[in-house]
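Step one of this worksheet: look at the structure below.
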Amino acid sequence: MRVTVDGREVEPAPGATVLEAARAAGAAVPTLCHDDRFSPSGSCRLCLVRVDGRGVVAACATPAADGDVIRTREPDVVAMARQVLELTVERLPREARELPTELAARCRELGVDAGAFAAAGRGLGRDDSHPYVHLDRDLCIACVRCVRMCDDVQGTFALTLAGRGADTVVAPGPGSWAQSACVSCGGCVDTCPTGAITQAGRQVAPVSPIAVDTTCGYCGVGCALTVHVADGGVDQITPDRRGPVNRGHACVKGRFAYGFATSPDRLTTPLIRDGDRLAPASWEDALALIGERIGGVIGRHGPDAVAAISSARATNEENYLMQKLMRAVVGTNNVDNCSRICHAPSAAGLTAAFGLAGGTNPAEDIERAGCLLVAGANPTEAHPVIGARIRQRALSGAKLVVIDPRRTELAALADVHLAARPGSNVAVFNGLARIMLEQGWTDPGFLADRADGLDILREQLRRFSPERVAQLSGVAPPALREAARLYGTAQTPMIIYGLGVTEHAHGTDGVRTLANLAILRGAVGTQHGGGVNPLRGQNNVQGASDMGALPDLLPGYRPVADAQARARCAQVWGCPVPDRAGLRIPEMFDAALDGRLRALYVFGENIAQTDPDSGHVRAALAACEFVVCQEIFLTDTARLADVVLPGASFLEKDGTFVNFDRRFQRVRPALPTPGSARADFAIIQAVAAALGGDLGCATPAAALDECARVAPLFAGVSHARLDREGPLHWPCRSTDDPGQPRLHLRSFATPNGRAQLAAREWLPPGEQPDEAYPYVLITGRRLTHYNAGTMTRRTPNLALQPHETLDMHPADAAALGLRDGAAVEITSRRGSVTATARLTSEMALGQVFMAFHFPDVAANLLTSAAVDEVTSCPEYKVTAVQLRPR
């Protein structure tokens, strides 16, 4: 298609509008109601242009046609647009003309001066009830952009228009903004063209003098953000519209929860234990003590008496250095990261099924999916940007199947919700597989050409009739059959799952049996399938494992037991690599209690709050001779350490993260570290030097370059390339490899190149309710807080959720004599905590839910020591508890 714009011939993309064609030609066509993130409405009529043969049209809503001659600056058309704008602003206060907004810019472009405005506002008032989002109704022009953002991108439907005639303005429902359904994504702030909706603390959101593009440091979605810096601090954070995963969207944490970075609680100097207190110390003294004490442990007990827990909040480069420190300087494979307690079953299960420890498909395939099967995940709260994409896809016509004990937001929207009892995943997945085979909802050609294990699986599935699955899971046979039909007959089915699949005593079996569904359907490793995709919890939990911060795997998932892999590392590092697998995190605690582990280095993880059976964890820390904690706040874990090293937040880091769909993305520092705190990369280098070692890798870029030499999976990834080309998916095996967004299109990475079906029996969870402990506690996350709450509780997010609740069914509460908001004591076989009851029909009878964001409600004091038999991942999702009013 060729069009001519103001005398210039261009070739716009197929399906382009007249506005897009004009922009391709460099013509500046004014708009007010338009936002590229949703479909055009043409309501403001500011983008008027003349198209020969079609007359004057609204450019944003008119498709371009081959041969169009478009004229954007004809005087009569510009005059019409000016008159429209004058009518738009005639009741706005004159201050609206001076604000740095789109409206003011359009006024300048079209020559609309202050005289076109009213002297004062309409007296419609303000709404400043929300901690982040404020509304000045006098500045609203009812352009509907905020409503469209809330509906068409976020999918919350929290905003509407209220009032009559010229006084029609946006409203957050019948009450105040703070009382509304708003999820604080900030999309309305970002799109408002007039300054009517703004971020708290500023009248509008002006462009700051310094803007730094980086990647969000909260969950594993990997949203691209721009940090605007003014006066040495963060002025605001805006979502980057170029971001391939978030596409200009964000959540309450990524958009607003940055105040922790300048919290007065930040650690700014090293601390050394002096009796019962931690006293400020110099870096020289802290590092010298680490060298002396850890060196002494190695000298007396050997290197295997030392262990490190690396950080899923840190960069790839920092995790690479940490595992190299342990292997090349200390001389042990005792290094692990928090994927052990969340997604280790994903790595094990996906590797066994397909050959690589990562999700198979990119986030973009959500929009291609004809059916989305969401299992054990609550993405609208835990991964809100992906949750919004799933919701929008379902609202656009894709079928949605949700497998979750709770009636989550997506479960309420789903075509089928399988409310399976906690611990019954394997039974449900096997039941779906059996129905698919019986009904012929499989791909026989794919199974014959590209998969192994069908006959053994078919035999195993004979024991999983819908009736037996109902006995084990509580899922009614008709619902199970309908779910199987929707997934099995969809043209492009996609599986997305979360910790509700992995954090079980048989979590790896859960991943394997879930992967069976995609293999049976031929929906993985093919262009017509959406694959199997885990949603990662922390921002770099994928990357921490990719970099080899694991006791049995070197960078790039090469086994420690592989002599060739060890030799490659030894050649690059200039020293031998230990050949015996190290301790996993739960094993570290057991080893500390029996005297085998004497020194523990904890980097960026609050294990005293986030790990299961926290009383056991605290006892293990107390049993160690020496504990080092590298953190940004004095967490519960840091309080128990002998030396505390002040590190950097993600806003102060240089490096890369890998998100949930294996995408390397750049992280850039926007702020300096506070006080004498140091970048974690520099701290690990200094600790190595204190132990007599030299890790090389003078910069984070050099560390990633070295990792590329060690790990073939990442050989084509570098800072220079990411800065030049943008994000890259691994595998990326050479500098001219574009990366692989979709895995296994030619062959699976298993030893024989074929996908492996898994025949797995259902086994009971590690702990079940009984007469003494009759309720099942499920733990998880809330929208407004993150992980241990270390960061979000130091921001206004605390106003959105000030304390933890115990979610329970109203009938259970009534039986206990509990009212909504009452105090309830929750007791397991390991301890007791008290929370506030929240009565909700989201919960099934006999089940309760609680998050672990608040240290005063230590949910993980209750959770059991039961772990996945393959990976040692804890069973957070099934804890037997008793309840009583307080």
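The values are calculated or read from the model by the stated rules, or taken from the named source; none is laboratory data. From a predicted model like this one, the values you see are computed outputs, not experimental measurements. Cβ coordinates were reconstructed from backbone atoms using ideal geometry, including for glycine residues, and neighbour counts include every protein chain displayed.
What do you reckon, is LEU806 under 24 Å from the mean Cα position of the chain (by Cα), more than 30 Å from ALA224 (Cβ to Cβ) and either modelled with pLDDT of 95 or more or not in a loop (DSSP other than H, G, I, E, B) (or both)?
yes
Go through ARG485, ARG481, ARG512, ARG521 for me and flag whichever is within 24 Å of the chain's Cα centre (by Cα) and either outside the structural domain of ARG368 (by TED's automatic domain parsing) or of a type in the set (Lys, Arg) (or both).
Going through ARG485, ARG481, ARG512, ARG521 in turn, just one is within 24 Å of the chain's Cα centre (by Cα) and either outside the structural domain of ARG368 (by TED's automatic domain parsing) or of a type in the set (Lys, Arg) (or both): ARG512.
Do you know which of the residues in segment 734-781 that are part of a strand (DSSP E or B) and of a type in the set (Ser, Thr, Tyr) is nearest to GLY537 (Cα to Cα)? Before the answer, list the steps.
Initial filter on segment 734-781 (part of a strand (DSSP E or B)): 755-756, 775-780.
Now narrow it down to the ones that are of a type in the set (Ser, Thr, Tyr): 775, 779.
Values: TYR775: 26, THR779: 13 Å.
It comes out as THR779.
The rows are residues; the columns are (1) part of a loop (DSSP other than H, G, I, E, B); (2) on the phi < 0 side of the Ramachandran plot; (3) modelled with pLDDT of 95 or more.
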position	(1), (2), (3)
ARG618	no, yes, yes
ALA641	yes, yes, yes
LEU645	no, yes, yes
ILE684	no, yes, yes
GLY692	yes, no, yes
ALA702	no, yes, yes
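Checking the condition surrounded by fewer than 20 Cβ atoms within 10 Å (Cβ to Cβ), within 30 Å of GLY232 (Cα to Cα), in the same structural domain as TYR601 (by TED's automatic domain parsing) and not charged (D, E, K, R), which residue from ALA702, ALA689, ALA623 passes?
ALA702 is the lone residue from the list that is surrounded by fewer than 20 Cβ atoms within 10 Å (Cβ to Cβ), within 30 Å of GLY232 (Cα to Cα), in the same structural domain as TYR601 (by TED's automatic domain parsing) and not charged (D, E, K, R).
Look at ALA120 and say whether it is out of contact with any Leu (no Cβ under 9 Å at 6 or more places or on another chain), part of a loop (DSSP other than H, G, I, E, B) and modelled with pLDDT of 95 or more.
No: the conditions fail for ALA120.
Given the conditions (1) touching a strand residue (DSSP E or B) at 6+ places or on another chain (Cβ under 7 Å); (2) assigned to a helix (DSSP H, G or I); (3) of a type outside the set (Gly, Ala, Ser), and given that CYS629 satisfies all but one, which numbered condition is not satisfied?
The failed condition is (2).
Against the definition (in contact with a Cys (Cβ under 9 Å, 6 or more places away or on another chain), of a type in the set (Val, Ile, Thr) and either over 30 Å from PRO551 (Cα atoms) or assigned to a helix (DSSP H, G or I) (or both)), how does VAL297 come out, yes or no?
Details: in contact with a Cys (Cβ under 9 Å, 6 or more places away or on another chain): no; of a type in the set (Val, Ile, Thr): yes; either over 30 Å from PRO551 (Cα atoms) or assigned to a helix (DSSP H, G or I) (or both): yes.
Criteria not met by VAL297.
Given the options ALA96, ALA64, ALA59, ALA105, name the one that is small (Gly, Ala, Ser) and out of contact with any Gly (no Cβ under 9 Å at 6 or more places or on another chain).
ALA105
If ARG724 satisfies all but one of (1) in contact (Cβ under 8 Å) with a residue 40 or more places away in the chain; (2) more than 29 Å from ILE496 (Cβ to Cβ), what's the number of the condition it fails?
So ARG724 meets the others, but not (1).
Please give the helices (runs of 4 or more DSSP H) falling wholly within segment 434-531 in which 3 or more residues are among the basic types (Lys, Arg). Don't jump to the end; show me each part of the working.
Numbers: elements: 444-450, 454-461, 466-473, 477-489, 499-502, 507-521.
In segment 434-531, no matching helices (runs of 4 or more DSSP H) lie anywhere.
Go through segment 223-241 and give me each residue that's assigned to a loop (DSSP other than H, G, I, E, B), in contact (Cβ under 8 Å) with a residue 40 or more places away in the chain and of a type outside the set (Gly, Ala, Ser). Outline the logic, then answer.
Our first condition is that a residue be assigned to a loop (DSSP other than H, G, I, E, B); within segment 223-241, this holds for 223, 231-232, 240-241.
Subset that is in contact (Cβ under 8 Å) with a residue 40 or more places away in the chain: 223, 232, 241.
Within segment 223-241, CYS223, ARG241 qualify.
Only one of these conditions is not met by GLY423: (1) part of a helix (DSSP H, G or I); (2) small (Gly, Ala, Ser); (3) buried (at least 24 other Cβ atoms within 10 Å of the Cβ). Which number is it?
(1) is the only condition that GLY423 fails.
If you take the residues of segment 273-292 that are outside any helix (DSSP H, G or I) and buried (at least 19 other Cβ atoms within 10 Å of the Cβ), which of them is farthest from the chain's Cα centre (by Cα)?
ALA281
Checking ILE141 against (1) assigned to a helix (DSSP H, G or I); (2) surrounded by 15 or more Cβ atoms within 10 Å (Cβ to Cβ): exactly one of these is not met. Which one?
(1)
Looking at ALA211, ALA224 in this structure, which one is surrounded by fewer than 24 Cβ atoms within 10 Å (Cβ to Cβ) and either touching a helix residue (DSSP H, G or I) at 6+ places or on another chain (Cβ under 7 Å) or among the small types (Gly, Ala, Ser) (or both)?
Working: ALA224 fails: surrounded by fewer than 24 Cβ atoms within 10 Å (Cβ to Cβ).
So the residue among ALA211, ALA224 that is surrounded by fewer than 24 Cβ atoms within 10 Å (Cβ to Cβ) and either touching a helix residue (DSSP H, G or I) at 6+ places or on another chain (Cβ under 7 Å) or among the small types (Gly, Ala, Ser) (or both) is ALA211.
Which ones in segment 681-720 are under 14 Å from PRO731 (Cα atoms) and β-branched (Val, Ile, Thr)?
Answer for segment 681-720, where residues must be under 14 Å from PRO731 (Cα atoms) and β-branched (Val, Ile, Thr): VAL710, VAL717.
Out of the residues in segment 389-403 that are in contact (Cβ under 8 Å) with a residue 60 or more places away in the chain and surrounded by 24 or more Cβ atoms within 10 Å (Cβ to Cβ), which is nearest to HIS506 (Cα to Cα)?
The extreme case among them is ILE403.
Exactly one of these conditions fails for GLY831: (1) surrounded by 15 or more Cβ atoms within 10 Å (Cβ to Cβ); (2) free of Cβ contacts under 8 Å to residues at least 60 places away in the same chain; (3) small (Gly, Ala, Ser). Give me its number.
So the condition that GLY831 fails would be (2).
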